Each structure stands twice: as C-alpha cells, then as structure tokens.
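All remarks here apply to the structure that follows.
The values are calculated or read from the model by the stated rules, or taken from the named source; none is laboratory data. Computed from a predicted model, the values in this text were never measured in an experiment. With ideal geometry, Cβ positions are generated from the backbone for all residues, glycine too; neighbour counts draw on all protein chains shown.
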Ligand SMILES: Cc1cc2nc3c(=O)[nH]c(=O)nc-3n(C[C@H](O)[C@H](O)[C@H](O)COP(=O)(O)O)c2cc1C
C-alpha cells in the first residue's frame, strides 16, 4: 500500500468524529524495533508554540506507555470502519500479553517518522515536545475525577512532523 504526504493545511477531516467516534491507534517503537499500539478516543490536534501539534493522553499502566517513554516519536493512525474490530481489540488487549497487532490483522511498519500501519487511512507522525502528568489538584470540574482511579493520564504534546494519507 502506498501513502502520499499531505500538508497540515490539507488536513480536511472531521477531527472530532475521527478521534471521538472512529478512534485512532497511538503507537511508538523502542530502539530495538519492537512496536506497541493502543486504541484511543481522547486527543486533540491544534496549534501551540507556533507549531502544529497533536496531544494524546496515556494512562501509566498501559504497555504502550513504556514505548512512548522510550521513543521521541509518537504516531496517530486512523482507519476505515472495516477495521473497527481491530481497534476494539487493540483497545481491550495489552501488548504485554499477546501479539495484538497480529491478532488484529494489522501490519505495522517503522520508518524514520515513527510507526505506521499498512491498513491505515491516515497517519499523523509526531515528535514529543512535552510530557507531563495530569494533576488532579488542577481539576476545575467535579465530573473529571470519576474517570480515574489514581491513574491520571500522562499528556504528550507532539509536534506534527508528517501527515500521510493512503492512496486509493
Ligand atoms: C475506544 C477506546 C478508547 C480508549 N482511549 C484511551 C486513551 O485515550 N488513553 C488511554 O490510556 N487508554 C485508552 N483506552 C484503553 C487502551 O486502549 C487499552 O487499555 C489497551 O488495551 C492498552 O493496551 P497496551 O497495554 O498494549 O498499551 C481506550 C480504549 C478504547 C476501547
């Protein structure tokens, strides 16, 4: 499958629906080439520090966290509805316990930009700019705490280095 690069200004998509309803895979690779990925439905794309960025949120118990900590690159991959089962699997099984990428029927690749998938419709490759943990002392709405059992997310702000879309 081949991908073509698009500029951030060409990103013409319903991003709230893409992330919140269709979901995405957050992926990173370790130096030895091993890859892990997990499904996410929380995240943002925007502008910060005069850079195009995405922000993603990873709880510390995720196996993926080991990979996002080990790498300076993180990628977001988006898929068509035909891959919903694969995203459900990557959001319920841990790469600690099985080869979930193979179980999901996905083919991952690693290049100088980060991790991608042959089946992805779009891949947003990022370089980490900031990582910090959400501090519950700063929650200003009492409805937020119910999402946690002490496992407050790590927030990664990543500069968007490349966006690729699958060629039909
Ligand atoms: C729809 C959906 C959205 C999710 N969003 C997130 C998220 O934004 N952050 C997070 O830490 N976990 C999220 N998860 C949970 C992880 O994907 C899940 O725990 C996964 O099995 C972790 O795999 P790992 O242990 O291999 O990293 C989500 C799961 C689903 C099904």
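Things to note:
- If only residues of the range 95-112 that are without any contact (Cβ under 8 Å) to a residue 40 or more places away in the chain and farther than 18 Å from residue 123 by Cβ are counted, the one that is farthest from the ligand (Cβ to nearest atom) is 102.
- Count of residues meeting criterion [within 12 Å of the ligand (Cβ to nearest atom) and within 12 Å of the chain's Cα centre (by Cα)] in the range 55-73: 8
- Residue check, residue 122 under 20 Å from residue 46 (Cα atoms) and over 16 Å from the mean Cα position of the chain (by Cα): no
- Condition broken by residue 82, with the remaining ones in (1) more than 12 Å from residue 39 (Cα to Cα); (2) more than 10 Å from the ligand (Cβ to nearest atom); (3) without any contact (Cβ under 8 Å) to a residue 60 or more places away in the chain; (4) not in a helix (DSSP H, G or I) satisfied: (4)
- Matching residues, the range 25-54, being assigned to a strand (DSSP E or B), within 19 Å of residue 86 (Cα to Cα) and within 9 Å of the ligand (Cβ to nearest atom): 25, 26, 36, 37, 38, 39, 40
- When 128, 146, 162 are checked against the criterion of being surrounded by fewer than 16 Cβ atoms within 10 Å (Cβ to Cβ), at pLDDT 95 or above, away from the ligand (no atom under 14 Å from the Cβ) and not in a loop (DSSP other than H, G, I, E, B), 146 stands alone in meeting it.
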